[in-house]
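Heads up, the thing below is written out as structure tokens.
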Amino acid sequence: MSRLQTVDTATKGPRIGESAIRPDGVPKVKGEFVFSNDLRHPDMIWGGTLRSPHPSARIVSINTTPALKMMGVYAVLTSEDLDGMPLYGLEHPDQPVLADGVVRFQGEPVAIVAADHPDNVRLALEAIDVEYELIEPLSDSKLAQENEAIHPDGNLFREININYGNPQEEGEITVEGTYEVGMQDQAPLGTESGMAVPSEDGGIDLFVSTQWLHADRDQVAACLNLPPEKVRLTLAGVGGAFGAREDISLHIHLCLLAMRTGKPIKMSYSRTESFHGHVHRHPAQMWYRHHAKSDGTLIRIEARLLLDGGAYASTSSAVLANATCFAAGPYRVPNVEIYGAVVRTNNPPCGAMRGFGCVQVCFAHEAQMDKLAVELGMDPVELRVKNALEPGDQIITGQTITGTAPVAEVIETCAQHSSSVGPASQQMELPGGAGRTADPKHIVRGEAIAVGFKNLMFSEGFDDFSTASCQLLDGVATITSACAEVGQGFVTLAQQIVREILGVEEVILAPASTASVGSAGSTSASRQTWMSGGAVKSACDAVRIKLLSRIAESHDLDVESLVIVDGGIASLSSEFSISLKEATSDLVEAEEVYRHVPTFPLDENGQGNAHVSFVFSAHRAVVDVDQELGLVKVVELITSQDVGRVLNPLQLQGQLEGGAAQGLGLAVMEEINVVDGRILNPSFTDYLLPTALDMPPVEIAALIEQPEPNAPFGAKGVGEPPAISSTAAIASAVRNATGLDLHRVPIRPTDIVFPERNDND
């Protein structure tokens with residue numbers, strides 16, 4: 001097999017707080033980086049998946065004989081060929097490896113094929129004869145709880161009631177609204193692909209792009225009926241993730257075919273197949289009622305949330321928990337009555353996506369704050385600052401904020417930052433751009449602010465940990481971690497931590513693999529800077545203590561007097577010094593497991609210390625809207641972020657820009673159109689993604705640096721917040737420009753041109 005690309009990190013570079021260039025950046029730009037789809041093996045054959053064209057049906061029969069007789073075909077497998085656990089799932093095993101008797105969504109895998117060439121795979125898949133008996137699909141989430149169960153586990157994944165304070169409290173001012181968020185795709189540009197290679201010990205080596213190596217391993221091992229140690233996963237080059245790669249997709253199919261044929265198997269999804277084969281952002285329907293005093297003080301919030309989880313569980317339970325826990329936004333609310341449910345339908349399965357759960361409710365609670373400001377005749381910024389959470393306040397789950405919470409600072413710095421945009425002076429600056437369709441006299445400008453709020457790390461008592469090892473030999477440090485690098489920047493962060501603590505210049509980051517180190521957890525929930533950064537820091541601290549203790553003992557020195565400085569070890573109480581290279585001629589190593597403070601499940605009233613820490617963000621959006629054509633141009637995005645402490649300024653900027661781009665996409669263009677369980681736009685031709693022409697520069701008003709207690713180096717994760725408040729800000733700016741009560745994202749041109757239709761939804 002061609003060499004898995006190891007990012008060359010053996011270079012001199014910056015410490016904590018300095019900008020670090022990604023070592024994989026240049027190879028990616030030059031086309032030299034090895035993504036998962038670039039893997040090769042001299043003996044490899046190809047795999048493919050037959051998927052159901054129906055969202056709901058019984059499988060009457062499957063005839064694989066014609067496919068098996070075809071030239072170049074090595075294997076055709078169905079559910080009858082499975083020896084291990086027939087179900088898998090990230091939180092709850094409820095999804096069949098291969099459909100057994102029934103299909104529950106369009107695109108569900110029915111059979112898999114191995115052949116000597118992709119064309120022969122395609123022909124074999126076409127030759128498989130499947131007879132279906134169609135069933136009326138359950139596609140309306142509002143009917144799910146009353147309808148007959150479409151799965152043995154029922155149609156309700158989870159429901160949560162949050163009751164806080166006095167449910168009878170009334171405000172002098174009341175505003176009410178219904179809101180809807182469509183289904184968004186993570187749309188990673190890298191293909192879903194991988195390779196499985198059978199090993200001589202009867203196990204399997206799987207090379208795949210993923211967000212959580214060890215969770216994948218455990219699911220795959222159970223389905224193969226193998227002990228976990230015989231299933232070895234190594235991270236292949238990842239071309240984006242955003243939550244889509246947290247779930248199993250082709251992993252088990254690859255391994256089944258490799259073990260059946262005894263040959264290395266390569267599999268790669270087409271873009272259409274990816275749209276059907278991985279999870280998406282949960283669509284949401286939400287109702288809110290806000291009560292306030294006449295001075296703007298929030299008194300009570302009522303809300304009803306309904307999320308569509310699609311056919312299988314994935315992370316739906318956790319997504320609902322986030323949606324309900326943060327449904328009130330980053331505001332002090334003494335009385336709350338919130339009900340949330342996530343249900344099963346025959347729509348495509350939904351799971352994690354950047355900011356999960358919080359993106360949906362932020363759109364709703366920020367629209368409500370704008371409505372309330374209008375009703376009060378109050379400045380929307382003033383209203384938000386007046387009710388902003390502070391350290392020591394309780395959120396609606398009864399948990400006290402013990403860390404930093406610079407909510408007012410985030411809002412005020414974003415609002416006060418001066419705008420740099422003037423009226424559009426060129427056609428390309430107008431909505432429609434190169435289409436040259438917009439007439440300047442139909443253009444109206446709008447501006448608005450929105451504030452987002454989310455937890456960091458896993459919650460509700462989950463055993464959240466990360467493992468890392470550090471080896472120091474001849475002045476070179478090697479870090480081993482199973483942290484999945486999906487673009488969040490662990491490849492730079494790990495090096496910065498090592499240089500900061502051990503004073504070395506050369507740092508090598510070993511490939512992430514289940515075979516070499518314990519779990520690092522998932523690259524999600526904005527947790528890896530804290531968790532895997534904490535694990536690397538702990539391992540480096542342990543190596544430092546061991547090294548200094550060894551030097552002190554061998555040279556009869558006081559260990560307390562020894563310091564690491566300028567690539568060497570020196571004594572503060574004598575003239576002793578030694579280079580790090582000389583001091584580490586014998587290996588010094590340590591492996592550490594890092595855990596955060598414990599969390600606890602929510603009780604029956606949605607109360608409890610369920611979360612570790614919180615992060616806040618604000619965006620101010622300026623938009624131009626063509627009211628005649630319904631076109632929207634986002635001309636400016638200003639943001640302030642709560643960051644704890646900046647570890648890599650350049651990397652932070654990239655996260656803020658990328659998150660804002662995804663937020664813009666959800667606000668005005670990105671949506672998987674699903675009708676009766678069928679995806680109508682499974683391609684980048686019809687699924688609209690923001691391009692460079694759609695994105696304005698992201699102006700950073702302020703990075704609020706208030707070091708978070710207990711966090712390694714005081715830093716907070718920053719990957720998710722930009723995707724939360726940006727959508728709400730853009731949608732609010734469009735409402736401000738048009739005066740329309742736009743209650744759904746993405747905002748479609750028809751919502752602006754034909755508002756009466758929007759009112760009748």
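The values are calculated or read from the model by the stated rules, or taken from the named source; none is laboratory data. Bear in mind that the values here come from a model prediction, so they are computed numbers and not experimental data. All Cβ positions, even for glycine, are placed from backbone atoms using ideal geometry, and neighbour counts span all protein chains on display.
Below are the figures for this structure:
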| quantity | calculated |
| --- | --- |
| Pairs where the first residue, in region 364-378, is touching a residue at least 60 places away in the same chain (Cβ under 8 Å) and the second is polar (S, T, N, Q), C-beta under 6 Å, 6+ apart | ASP370/SER732 |
| Residue within region 392-407 that is under 21 Å from ASP370 (Cα atoms), of a type outside the set (Phe, Trp, Tyr) and free of Cβ contacts under 8 Å to residues at least 40 places away in the same chain present | no |
| Residue in region 311-322 that is surrounded by fewer than 22 Cβ atoms within 10 Å (Cβ to Cβ), in a loop (DSSP other than H, G, I, E, B), among the polar types (S, T, N, Q) and modelled with pLDDT of 95 or more present | no |
| Number of the exception - THR261 against (1) of a type in the set (Ser, Thr, Tyr); (2) over 24 Å from the mean Cα position of the chain (by Cα); (3) surrounded by 20 or more Cβ atoms within 10 Å (Cβ to Cβ) | (3) |
| Filter result for ALA438 (in a loop (DSSP other than H, G, I, E, B) and in the same structural domain as VAL635 (by TED's automatic domain parsing)) | yes |
| Subset tally (residues that are out of contact with any Asp or Glu (no Cβ under 7 Å at 6 or more places or on another chain) and acidic (Asp, Glu)) for region 302-319 | 1 |
| Qualifying positions in region 615-628 - of a type in the set (D, E, K, R) and either in contact with a Gly (Cβ under 8 Å, 6 or more places away or on another chain) or assigned to a strand (DSSP E or B) (or both) | ARG620, ASP624, ASP626 |
| Residue identified as under 16 Å from GLY277 (Cα atoms), in contact (Cβ under 8 Å) with a residue 24 or more places away in the chain and surrounded by fewer than 23 Cβ atoms within 10 Å (Cβ to Cβ) among GLY107, GLY72, GLY101, GLY89 | GLY89 |
| Of all residues making up region 414-428, the number that are in a loop (DSSP other than H, G, I, E, B) and surrounded by 13 or more Cβ atoms within 10 Å (Cβ to Cβ) | 3 |
| Count - residues of region 717-761 that are over 20 Å from GLY665 (Cβ atoms), of a type outside the set (A, V, I, L, M, F, W, C) and assigned to a loop (DSSP other than H, G, I, E, B) | 5 |
| Matching residues in region 545-576 - criterion: being in contact (Cβ under 8 Å) with a residue 12 or more places away in the chain and outside any loop (DSSP other than H, G, I, E, B) | LYS546, LEU547, LEU548, ARG550, ILE551, SER561, LEU562, ILE564, VAL565, GLY568, ILE569, SER571 |
| Candidates ARG527, ARG544, filtered to the one that is more than 27 Å from PHE453 (Cβ to Cβ) and either outside the structural domain of ALA590 (by TED's automatic domain parsing) or not aliphatic (A, V, I, L, M) (or both) | ARG544 |
| Test: residue in region 636-653 that is part of a loop (DSSP other than H, G, I, E, B), closer than 23 Å to PHE326 by Cβ and in contact with a Lys or Arg (Cβ under 7 Å, 6 or more places away or on another chain) | yes |
| Matching entry among LEU631, LEU688, LEU650, LEU680 (being surrounded by fewer than 23 Cβ atoms within 10 Å (Cβ to Cβ) and touching a Gly at 6+ places or on another chain (Cβ under 6 Å)) | LEU631 |
| In region 369-399, residue farthest from GLY171 (Cα to Cα) [restricted to those that are among the polar types (S, T, N, Q) and within 26 Å of the chain's Cα centre (by Cα)] | GLN399 |
| Residue list for region 278-309, restricted to those being in a loop (DSSP other than H, G, I, E, B), within 18 Å of the chain's Cα centre (by Cα) and either more than 20 Å from GLY452 (Cα to Cα) or without any contact (Cβ under 8 Å) to a residue 60 or more places away in the chain (or both) | HIS278, VAL279, GLY309 |
| Qualifying residue in region 438-445 (condition: within 30 Å of the chain's Cα centre (by Cα) and at pLDDT 95 or above) | no |
| Residue list for region 10-39, filter: of a type in the set (Lys, Arg) and closer than 17 Å to THR529 by Cβ | ARG15, ARG22 |
| Candidate set from region 118-139 (those that are of a type in the set (A, V, I, L, M) and part of a strand (DSSP E or B)); member that is surrounded by the fewest Cβ atoms within 10 Å (Cβ to Cβ) | LEU134 |
| Residue within region 593-604 that is in a strand (DSSP E or B), surrounded by fewer than 16 Cβ atoms within 10 Å (Cβ to Cβ) and either among the charged types (D, E, K, R) or touching a residue at least 24 places away in the same chain (Cβ under 8 Å) (or both) present | yes |
| Matching entry among GLY202, GLY154, GLY190 (being within 25 Å of the chain's Cα centre (by Cα) and part of a loop (DSSP other than H, G, I, E, B)) | GLY190 |
| Residue check, THR523 surrounded by 24 or more Cβ atoms within 10 Å (Cβ to Cβ), farther than 20 Å from PRO712 by Cβ and not aromatic (Phe, Trp, Tyr) | no |
| Residue match in region 300-310 (condition: farther than 28 Å from SER79 by Cα, touching a Lys or Arg at 6+ places or on another chain (Cβ under 8 Å), aliphatic (A, V, I, L, M) and at pLDDT below 95) | no |
